[in-house]
Amino acid sequence: MEEQATVTAADIARIAGVGRAAVSNWRRRYGDFPPPVGGTALSPLFSLFAVESWLRERGKPVEISLGDRVWQRLRNLGDDLALGDRVGRVGSYLSRRGVWSVSPRYDDAELLGLLDRFAEERGAREAYEFLCERYVEAHSRQLSVTPEPVATLMSRLIGPEPGVVLDPACGLGTLLLASGGTRLLGQVDDPATSCIAAHRLLLAGADMEMYGADALSMDSYEGVLADAVVCDPPFNEREWGYDELIGDPRWVYGQPPRGEPELAWVQHCLAHVKPGGLVAIRMPPAAAGRRTGRRIRGNLLRAGALRAVVTVGGADLWLLRRPESGERPPSRLLLTTDPSTVEGYLRGADVPGTVRIIDLLDEEIDLSPVRHQARGEHAGEAFLEALKRFEGVRPEPPSLVVSDEKPSYVTLGELLKSGVLTVPESVEEGDVVASPAVPAYVHNGETFTAEPTMSKYRTDPERLDAAFLAGCLRAAGQIAPTSSTRIDLKRTRIPRLPIETQRAHGAAFTRLAAFEDALREAAESGLELVRLGLAGLTEGQLKPEN
């Protein structure tokens with residue numbers, strides 16, 4: 001029953017709209033804060049009913065969304081070890097409206113009722129994505145999800161219409177969903193994870209196939225050739241079946257060393273793509289330079305199978321192409337820390353970062369982009385250019401002053417009901433666009449692809465300023481404790497202000513957004529500066545000024 005539902009400290013922080021530290025402070029400062037009812041000393045569980053009552057008694061705003069109630073009910077049906085199975089069964093229920101496997105220990109009627117209401121409110125796909133995000137958040141140490149910018153880049157690298165796409169280590173299906181393939185083939189070693197991934201794909205309307213087994217030791221797609229392969233395999237797995245797979249026919253470029261399973265995944269991917277097909281695989285940076293893997297790296301280069309290595313998001317992306325019979329291998333390889341150059345390189349454009357393959361075939365066969373950037377004949381100039389870019393980014397926040405005015409509020413849902421705000425069929429210039437992945441902004445009229453999770457709004461400009469609305473929605477997203485948390489936009493509070501005041505606020509919101517962009521650019525430039533400096537000093541291409 002709902003009175004039996006439990007929550008973690010992170011859940012309480014999200015419900016109350018505060019940080020985790022605030023919850024810790026409440027527990028220390030207030031003797032009447034509800035005591036734990038389960039869990040462990042490091043990860044206690046609290047009664048949701050008791051916490052909600054305590055927050056209301058203290059006058060603290062409490063807004064438990066329907067999605068959070070579904071999640072708490074689902075989580076409390078059993079221990080977290082079997083949570084993945086339960087999330088998978090929810091996916092089956094939502095995607096096929098199948099029969100929930102009722103356990104005699106639990107009364108699941110309440111959960112099914114909540115699920116039906118949630119799916120009606122959000123749509124089955126978005127409802128399931130919400131629950132999957134909660135699942136990833138609860139098991140962040142056990143689950144590895146490809147960062148969205150990396151997944152987007154990998155999908156771009158395999159082309160706009162990749163056809164049949166395979167991911168042999170697909171996790172929760174993130175890369176397959178991003179790929180844009182017409183048929184999606186997935187495999188992952190955990191049955192519960194494969195079930196969740198399968199239902200994410202089904203709810204997205206994909207033509208798909210999924211297996212729950214380790215692809216290296218039990219290849220479910222033996223003999224199948226896809227048009228493209230994407231993969232973010234597990235790093236540094238020592239028990240990957242080395243002894244059982246000695247002499248495997250997939251090892252065309254050499255037997256993968258025991259300590260380099262990533263090179264086994266590279267060859268597995270190449271074995272499953274058609275001649276001329278592309279492979280985008282995420283690799284640990286060390287795989288580009290380990291001595292044990294130099295023979296395989298050399299064979300990949302000589303055959304023309306490896307086309308680019310791109311450093312992004314703390315790892316490397318290897319872009320490979322399965323050679324066609326009789327094809328002449330390329331003479332150059334792209335090694336870069338700038339992802340924006342890769343697509344131009346693939347189209348044949350002359351971009352910085354290309355290296356002659358013959359120069360790479362030395363004793364090390366080191367393919368690290370940062371190392372080669374520092375080794376280049378203009379390494380010093382590259383460092384100085386990065387320094388100029390860093391010094392040229394000077395974020396300036398807008399000028400704001402303290403105010404004692406306390407505005408009243410209206411929710412976005414109420415604005416929709418009043419007609420001040422409408423939901424357009426298609427997005428035009430001046431409309432407000434928001435999604436879980438991108439902060440709210442005012443659309444500038446450029447062509448873009450609408451996503452299923454995207455929200456779009458059109459304001460009456462005489463009564464509601466678009467930049468002001470976008471800023472309020474952006475603020476609601478910033479307040480959420482984690483980037484994966486989805487808030488109910490219709491409950492977002494919008495200050496009641498005269499239109500002229502709204503416009504002033506909207507201009508300030510816009511300057512704050514530009515300030516945030518500049519901060520991000522400064523951070524990226526600074527990290528590039530550090531990488532070049534470290535590598536340049538190590539390689540003798542730079543030295544201290546004094």
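The values are calculated or read from the model by the stated rules, or taken from the named source; none is laboratory data. Given the structure is predicted, the values throughout are model-derived calculations rather than measurements. Note that each Cβ is placed from the backbone with ideal geometry, even for glycine, and that neighbours are counted across all protein chains shown.
May I ask you to verify whether R302 is in contact with a strand residue (DSSP E or B) (Cβ under 9 Å, 6 or more places away or on another chain) and surrounded by fewer than 15 Cβ atoms within 10 Å (Cβ to Cβ)? Explain how you work it out, then say what you get.
Values: in contact with a strand residue (DSSP E or B) (Cβ under 9 Å, 6 or more places away or on another chain): no; surrounded by fewer than 15 Cβ atoms within 10 Å (Cβ to Cβ): yes.
So R302 fails the test.
Regarding segment 121-135, can at least one residue be identified that is surrounded by 15 or more Cβ atoms within 10 Å (Cβ to Cβ), of a type in the set (S, T, Y), within 30 Å of A315 (Cβ to Cβ) and at pLDDT 85 or above?
Here is the first cut: in segment 121-135, the ones surrounded by 15 or more Cβ atoms within 10 Å (Cβ to Cβ) are 122-135.
Keeping just the survivors that are of a type in the set (S, T, Y) gives 128, 135.
Subsequent filtering for residues that are within 30 Å of A315 (Cβ to Cβ) retains 128, 135.
Those still in the list that are at pLDDT 85 or above too: 128, 135.
Checking segment 121-135: at least one residue is surrounded by 15 or more Cβ atoms within 10 Å (Cβ to Cβ), of a type in the set (S, T, Y), within 30 Å of A315 (Cβ to Cβ) and at pLDDT 85 or above.
Looking for something β-branched (V, I, T), assigned by TED's automatic domain parsing to the domain that holds S179 and farther than 22 Å from L360 by Cβ - is there at least one such residue anywhere in segment 293-302? Full working, then the answer.
If we filter segment 293-302 for residues that are β-branched (V, I, T), which is where we start, we get 296.
Among the residues that remain, those that are also assigned by TED's automatic domain parsing to the domain that holds S179 are: 296.
Then keep just the ones that are farther than 22 Å from L360 by Cβ; that gives none.
No, that holds for no residue.
For segment 76-97, check the following and say yes or no: at least one residue is surrounded by 14 or more Cβ atoms within 10 Å (Cβ to Cβ), of a type outside the set (D, E), modelled with pLDDT under 85 and under 30 Å from T492 (Cα atoms).
yes
Considering only segment 511-525, I want to know if a residue exists there that is in a helix (DSSP H, G or I), at pLDDT below 80 and touching a Leu at 6+ places or on another chain (Cβ under 7 Å).
So far as segment 511-525 goes, no, none of its residues is in a helix (DSSP H, G or I), at pLDDT below 80 and touching a Leu at 6+ places or on another chain (Cβ under 7 Å).
In the set V351, V355, which member is surrounded by fewer than 19 Cβ atoms within 10 Å (Cβ to Cβ) and not acidic (D, E)? Spell out how you get there, then give the answer.
Values: V355 fails: surrounded by fewer than 19 Cβ atoms within 10 Å (Cβ to Cβ).
Of V351, V355, the one residue that is surrounded by fewer than 19 Cβ atoms within 10 Å (Cβ to Cβ) and not acidic (D, E) is V351.
For R200, are the conditions met, namely being among the basic types (K, R), outside the structural domain of E129 (by TED's automatic domain parsing), in contact (Cβ under 8 Å) with a residue 60 or more places away in the chain and buried (at least 17 other Cβ atoms within 10 Å of the Cβ)?
Values: among the basic types (K, R): yes; outside the structural domain of E129 (by TED's automatic domain parsing): yes; in contact (Cβ under 8 Å) with a residue 60 or more places away in the chain: yes; buried (at least 17 other Cβ atoms within 10 Å of the Cβ): yes.
The answer is yes for R200.
Tally the residues that are within 21 Å of T152 (Cα to Cα), at pLDDT 90 or above and either touching a Pro at 6+ places or on another chain (Cβ under 8 Å) or among the polar types (S, T, N, Q) (or both), restricting the search to segment 318-340.
2
Quick check, is L172 in the same structural domain as Y221 (by TED's automatic domain parsing), within 29 Å of A10 (Cβ to Cβ), not acidic (D, E) and not in a helix (DSSP H, G or I)?
Numbers: in the same structural domain as Y221 (by TED's automatic domain parsing): yes; within 29 Å of A10 (Cβ to Cβ): yes; not acidic (D, E): yes; not in a helix (DSSP H, G or I): yes.
Yes: the conditions hold for L172.
Keeping to segment 19-49, report how many residues are over 30 Å from R125 (Cα atoms) and either within 34 Å of the chain's Cα centre (by Cα) or touching a residue at least 60 places away in the same chain (Cβ under 8 Å) (or both). So that I can check it myself, show each step before the final result.
Going through segment 19-49, the residues over 30 Å from R125 (Cα atoms) turn out to be 21-44.
Okay, now just the ones that are also either within 34 Å of the chain's Cα centre (by Cα) or touching a residue at least 60 places away in the same chain (Cβ under 8 Å) (or both), so 21-27, 36-44.
Counting residues in segment 19-49 that are over 30 Å from R125 (Cα atoms) and either within 34 Å of the chain's Cα centre (by Cα) or touching a residue at least 60 places away in the same chain (Cβ under 8 Å) (or both) gives 16.
Per-residue answers, yes or no, for (1) acidic (D, E); (2) at pLDDT 80 or above:
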position	(1), (2)
V18	no, no
V23	no, yes
R28	no, yes
P35	no, yes
L55	no, yes
K60	no, no
I64	no, no
D68	yes, yes
L74	no, yes
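List the helices (runs of 4 or more DSSP H) inside segment 1-96, counting only whole elements, that have at least 1 residues being within 28 Å of L112 (Cα to Cα) and in contact with a helix residue (DSSP H, G or I) (Cβ under 8 Å, 6 or more places away or on another chain).
On the way: elements: 9-16, 20-29, 48-57, 66-75, 83-96.
Qualifying helices (runs of 4 or more DSSP H): 9-16, 48-57, 66-75, 83-96.
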